[in-house]
Every structure is written in C-alpha cells, then in structure tokens.
1. Which of the following residues is hydroxyl-bearing (S, T, Y), out of contact with any helix residue (DSSP H, G or I) (no Cβ under 7 Å at 6 or more places or on another chain) and open to solvent by less than 50 Å² (accessible area, probe 1.4 Å): S20, S2, S31?
2. Go through the range 1-67 and tell me which helices (runs of 4 or more DSSP H), entirely inside it, have 2 or more residues that are touching a Pro at 6+ places or on another chain (Cβ under 7 Å) and either of a type outside the set (A, V, I, L, M) or modelled with pLDDT of 95 or more (or both).
3. What pairs come out if I take residues in the range 13-35 that are within 16 Å of Q53 (Cβ to Cβ) and pair them with residues that are of a type in the set (F, W, Y) and open to solvent by 80 Å² or more (accessible area, probe 1.4 Å) whose C-beta lies under 9 Å away, six or more apart or interchain?
4. Within the range 51-78, take every residue that is open to solvent by 100 Å² or more (accessible area, probe 1.4 Å) and aromatic (F, W, Y) and give me the one that is nearest to the chain's Cα centre (by Cα).
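The values are calculated or read from the model by the stated rules, or taken from the named source; none is laboratory data. Keep in mind that what you see is a predicted model, and the values were worked out from it rather than measured. Here the Cβ positions follow ideal geometry from the backbone for every residue, glycine too, while neighbour counts run over all protein chains shown. These accessible areas exclude ligands, DNA and RNA; they are computed on the full protein's heavy atoms, side chains included. Shrake-Rupley method; radii C 1.70, N 1.55, O 1.52, S 1.80 Å.
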Amino acid sequence: MSEQTKTWIFNSFFDLLIKSSYKKITIKEISQHAQISRRTFYRIFNSKDNLLQSYFEELLNNYLKMLKKILHRILKTL
C-alpha cells in the first residue's frame, strides 16, 4: 500500500482524536474520514493500537535518522 494512504490514515486518526477520545474512535470512522475502505485500512494496520504503534515507530525512526545525520556531520568536522 502506498505511503500516501498511510499518511491519510494517520492524519484522519489524529483529526478524529481532536474531537473524540481514543476509545470512541472506530476503524469505520477513520476509514470514512480518510476516504478509504475498511479493507484498505486492514491491509495496512491490524487495529487502532497497531496504527498508533506504527505511527510512533515511524516517528522514532525518523528522529534516529536525523540524529545519525547530525552525528555524522559532527564527526566529519573532527
């Protein structure tokens, strides 16, 4: 599945989270808000928990990549 679809799902989830509690948000709502089918959601994520875990894993991985680049630049100057 495309990264764009994942981004739509993440954005939809967080848009809904502004208006409602985590427990009240359903996969159906996330899918409708992202304008995708529930089947598409489940091709990418197993559950809401999996969606959230995946988001934070990506966030952490991006942060670590950035830190590696910074460290590499610092070490080059030594």
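1. Details: S2 fails: open to solvent by less than 50 Å² (accessible area, probe 1.4 Å); S31 fails: out of contact with any helix residue (DSSP H, G or I) (no Cβ under 7 Å at 6 or more places or on another chain).
Exactly one of S20, S2, S31 is hydroxyl-bearing (S, T, Y), out of contact with any helix residue (DSSP H, G or I) (no Cβ under 7 Å at 6 or more places or on another chain) and open to solvent by less than 50 Å² (accessible area, probe 1.4 Å), namely S20.
2. On the way: elements: 3-19, 27-34, 38-44.
Because the criterion is at least 2 residues that are touching a Pro at 6+ places or on another chain (Cβ under 7 Å) and either of a type outside the set (A, V, I, L, M) or modelled with pLDDT of 95 or more (or both), no helices (runs of 4 or more DSSP H) in the range 1-67 meet it.
3. These pairs meet every condition: I27/Y42.
4. So, considering only residues that are open to solvent by 100 Å² or more (accessible area, probe 1.4 Å) and aromatic (F, W, Y), the one nearest to the chain's Cα centre (by Cα) is F56.
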